[in-house]
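The next block holds one structure in the form of C-alpha cells; read it before the comments.
The values are calculated or read from the model by the stated rules, or taken from the named source; none is laboratory data. As the structure is a prediction and not an experimental result, all values here were calculated from the model. Don't worry about glycine lacking a Cβ; one is built from the backbone with ideal geometry, like all the others, and counts go over all protein chains shown. Note: areas computed on protein heavy atoms with side chains; ligands, DNA, RNA excluded. Shrake-Rupley method; radii C 1.70, N 1.55, O 1.52, S 1.80 Å.
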Amino acid sequence: MVKGHKISYSHKSYSILKGVDVSVEYGDMLVIVGPNGAGKSTLLNILANELSQNKEDIYFKLKRFKEWNVLDLSKNKAKFSQHYNGDIPLPVRDVVLMGRYPYFGSIPQSSDLSAVEEVMKEVGIWELREREYNSLSGGEKQRVHLARVMTQLKNEVAHKLVLLDEPLNNLDVKHQYQVLELMAAFAKKGNTVITVLHDLNLAARFATRVLMMKNGSVLAQGAPGEVLTPETISEAYGFPCSIWTHPVRQHPVILFGN
Amino acid sequence: MKNKLPLYLLASFLVLLVLAGVSLHMGVYRFEESSVLKITGSFLRGDTSVPATDAYIIGKVRLPRVVMAILIGSILAVSGTCLQGIFKNPLATPDLIGVTSGATLMAAITIVLGESVRSVIPEALHYSLVSIGAFTGALGAISLVYAISSGSGKTNVVIMLLAGVAISSLGFALVGFMTYLAKDEQLRDLTFWSLGSLGAATWTKNGILAVVIAGTYSYLITKGKALNAMMLGEKDAEHLGIRVERIKRLTVLLTALMVGTAVAFSGSIGFVGLIIPYILRLLFSSNYTVILPLSAVWGAILLLAADTVSRTLVAPSELPIGILTALLGAPVFIAILIRYKKSM
C-alpha cells in the first residue's frame, strides 16, 4: 500500500527524520506514537505527500506520488491535519461538501449531496449542518473536518488511504472512541489508516500495528503487544510504566507511574 | 440543499438588463423617438429609419458607455473577489493593496514618457501602450504585496494593507512628478486617470475589454471551489486535488491583466472590488462558488448605477464616478474593519 525507505528530512541544519523505513499493507491501522518532537507529524506529512524534500521515494500503491494524476490521488488518499485555519466563514455543510470537490465540476450532483449526508450522520454532526463553522467548539470543528475527509473517500475505489494527525485533540472520550471505531471499520474494509496518536492505551486498543518514534528514528515497529513494552515506552518517554492485559479484549493496558 | 446559483444569476442578469434600459434612457438629450428600446433595437439591426441624432446618441454615446460601465464594473468586482480568495482576506482589493495605484503609476509614466518610445514602435501598439504599462504596474504591485505579506499559506493583513499604503504613496508621488513633467494635453489624460471616468468609452475599447473578460473569466469564474478549499489551508486544498500554486500564480497574473486593462481605459475607479464581495458575503456567506460568478454581474450593476447617477445628478455636467464609489466604499471598509476587530 504505502512503502517508504530511508525517509530523511531536515529543517535548515536540524535533522528531523533520520532514515525511517515504513511499510503499510491493506487493512492496516498503523498508529504512530512517540514523545513530543519525535518527528511523528513530519513523517505523516511526508507519507501524505505534503513535504517533498526527501530524496527517497514513497510508493503509494506501487506508484510514486508524482506519477499519480492529482484528481485520482485525491480519490485514493485523504488527510486530516492537526491545525486548521480557525476562520472559515461558511455553514458546516459547505465545509463538509469540500470533500466532494474532486468529484464534481461547478454544481454538486445528488450523489455528492447524499455522500455528505451519509458521512455527516455517521460522524454525528448532521444536526450541525446549518450552523456557521466559526461558531462551533474546537471538538465540533475537529469532527466537521473528519467528516469532510471521510466524505472525500466515499467512493468505489478499493484500498484507500487516510492519514490523520492527532484526530482526537479536543474530543471527549465518547467521540474519541467513535472516531477510532470509525477508522478501524474503515481499515477493515481493505483500506489503510495511518494516524498519529498520543494516547498509548487507545493505540493498544485500536492499532493493528504501532510505530514508536524517538528523535527522528524508529524505536520499535510491529503489533501493539510487541511494541508497547515497559522497556520501549520508558526508553521513548523517559517515564516509568507497567503493562497489563485487558481482561476481555486481551490487548495491552498501560499504567503510568511507579 | 438545492443549488440555486443559476436562479440567482438569472435574476441578477434581469436586474442588469432593466438597469441598462433605464440608463440608456437617462441623460441630457431627449430622444425624438419615444422608446429608447426601439432606437437601440434598430441601431443594433443597422436600421437607418430612426432620426440620425437619436441613432448617434445611442450608438456612439450612451450604448458604448453603458457597455463599458458593465464591463469595467464586472472586471473590478471579480478581480476584488479573486484577490480576496488568494489573500484569504476580505480587505484584499485592488485599491487597498495598491494594485490600482501600481497600474495608475505605470499608466502615468507611459503617458508622459511614452512620447519618446512612440516614434520607434509600430503604430498599432500606440493604443495599447498605456494598457501594457498599466498591466505591468498592476502585476508588479500584486507580486510585491504578495511576496512581502504572505508566507506559509497565511497572509499578514497588517503588512498587506501597509504595503498597499506604501505603493499608493509611491504612486501618488510619482504621478505628481509626472504631472510636473507633463505637457498640457498629457495633463488632461493624467487628471482623467487619477479621478476615473467612463466618459471616453468607445466600441474599440469595449471590444478589447470583452476579449480580456472572455479570456480571464473562462479560467477564473470556475475557480470558486479552489478559493473555498484554500480557506482550509493550502496543503489541505492540495489534498482535495487542487493545484494551489498553479491557480495562485494564474489568478495573480489574470487579475493584474484585468485591473491593468480597467485602469488603462477608465482610470482608477475605487472600491467596487470591496463593496460587491462584501454585500454578497453578507447574503451568501463566503462561498466563492456563489459569490465569484455573482460578483461578475453585481459589479456591473453597481458601476452602471453609479455611472448613471454621476452623469444625471448634476446634468449637463458630470460628477467624477470615483467620488460616488468612494462614498459607498468607505463605510464598507469601516464596517469590515469593525468586524475584523471583533474577530480578533
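For chain A, hydrophobic long helices are taken as DSSP H runs at least 18 Å long by C-alpha position along their axis with mean Kyte-Doolittle hydropathy of -1.0 or more; these are A:110-123, A:138-152, A:173-188. Taking every DSSP beta bridge that has both residues in the protein assembly as shown, what percent is antiparallel when rounded to the nearest 5? In the protein assembly as shown, DSSP labels about 60 percent of beta bridges as antiparallel.
The mean count of C-beta atoms from other chains within 10 Å of the C-beta of residues in B:225-235, rounded to a whole number, is 5. A 1.4 Å probe run over the protein chains yields, for the protein assembly as shown, 44 Å² of accessible area per residue, whole-number rounding.
The simple spin-label model puts a point 7 Å past each Cα toward its Cβ; for A:Asn36 and A:Val70 those points are separated by 3.7 nm.
For region A:116-230, what proportion of DSSP beta bridges, expressed in % and rounded to the nearest 5, is antiparallel?
On the way: 5 of 10 bridges.
Around 50 percent of the beta bridges assigned by DSSP in region A:116-230 are antiparallel ones.
Starting from the Cα-Cα distance between A:Trp244 and A:Val157, subtract it from 0.36 nm times their residue separation and give me the gain in nm to one decimal. Don't jump to the answer; show the numbers that get you there.
Working: separation 87, 0.36 × 87 = 31.32 nm, distance 3.96 nm.
Extending this stretch completely gives an extra 27.4 nm.
Taking the Cα centre of the protein assembly as shown as origin and assigning +1 to Lys and Arg Cβ atoms and -1 to Asp and Glu Cβ atoms, the resulting dipole is close to 500 debye. Here the calculated FRET efficiency for B:His25 and B:Thr204, from their Cβ-Cβ distance with R0 = 25 Å, stands at 0.50, rounded to the nearest 0.05.
Remind me, what semi-axes does region B:1-69 give for its equivalent ellipsoid, largest first in whole Å, using sqrt of 5 times each Cα gyration tensor eigenvalue? The partial results should precede the final answer.
Values: eigenvalues 176, 29, 20 Å².
Gyration-tensor ellipsoid for region B:1-69: 30, 12, 10 Å.
For region A:145-185, what is the Kirkwood estimate of the hydrodynamic radius, computed as the reciprocal of the mean inverse distance between distinct Cα atoms, to one decimal in Å? Please report the intermediate quantities before stating the final value.
Numbers: mean 1/r = 0.0889 Å⁻¹.
It is 11.2 Å.
Dividing the convex hull volume of the alpha-carbon atoms in region B:293-344 by its residue count gives 73 Å³ per residue.
Normalised by the number of residues in chain B, the average gap of Cα pairs under 8 Å and 6 or more apart makes the relative contact order 30 percent. Among B:Ser35, B:Ser101, B:Ser286, the residue with the largest mean-square fluctuation in a Gaussian network model of chain B, with springs joining Cα atoms closer than 10 Å, is B:Ser35. Taking every alpha-carbon pair under 8 Å whose residues sit at least 6 apart, region A:157-258 reaches a relative contact order of 20 percent. Remark: the Cα gyration tensor places the protein assembly as shown in the prolate category, a/c being 1.5 or greater and a/b exceeding b/c.
Distance between the 7 Å Cα→Cβ label points at B:Phe172 and B:Lys154: 3.1 nm.
State whether region B:241-297 is rounded, prolate or oblate according to the following rule on the C-alpha gyration tensor (a ≥ b ≥ c being the square roots of its eigenvalues): a/c under 1.5 gives rounded; otherwise a/b larger than b/c gives prolate, and the remaining case gives oblate.
Values: a/c = 2.80, a/b = 1.07, b/c = 2.61.
In terms of gyration-tensor shape, oblate.
About its Cα centre, region B:211-300 has a charge dipole of approximately 80 debye under the convention of +1 per Lys or Arg Cβ and -1 per Asp or Glu Cβ, with nothing else charged. Treating r as the C-beta distance of A:Glu181 and A:Ser111 and R0 as 22 Å, the FRET efficiency rounds to 0.30.
Counting only Cβ charges, +1 for Lys and Arg and -1 for Asp and Glu, the dipole size of region A:109-192 around its Cα centre is about 200 debye.
Expressed as a whole percent, the accessible surface of the protein assembly as shown that belongs to carbon and sulfur atoms is 62, based on a 1.4 Å probe.
Where q = 0.07, 0.08, 0.12 Å⁻¹, what log10 of I(q)/I(0) comes from the Debye formula for chain B, counting one point per Cα? Once normalised to I(0) and log-transformed, intensities are -0.30, -0.39, -0.86.
Projecting the Cα atoms of A:Tyr103, A:Cys241, A:Gly225 onto the dipole axis of chain A, where Lys and Arg carry +1 and Asp and Glu carry -1 at the beta carbon, places A:Tyr103 farthest toward the positive end. Taking the chain by itself as reference, region A:106-128 contains these residues with an accessible-area loss of 20 Å² or more in the full protein complex (1.4 Å probe, heavy atoms): A:Ser106, A:Ile107, A:Leu113.
For the chain pair A and B, the interface hides roughly 2200 square angstrom of accessible area in total, found with a 1.4 Å probe.
Pop the C-beta distance of B:Arg188 and B:Ile279 into the FRET formula with R0 = 45 Å and round what comes out to the nearest 0.05. Before the final figure, lay out each step's value.
Values: r = 35 Å, r/R0 = 0.77.
E between B:Arg188 and B:Ile279, to the nearest 0.05, is 0.85.
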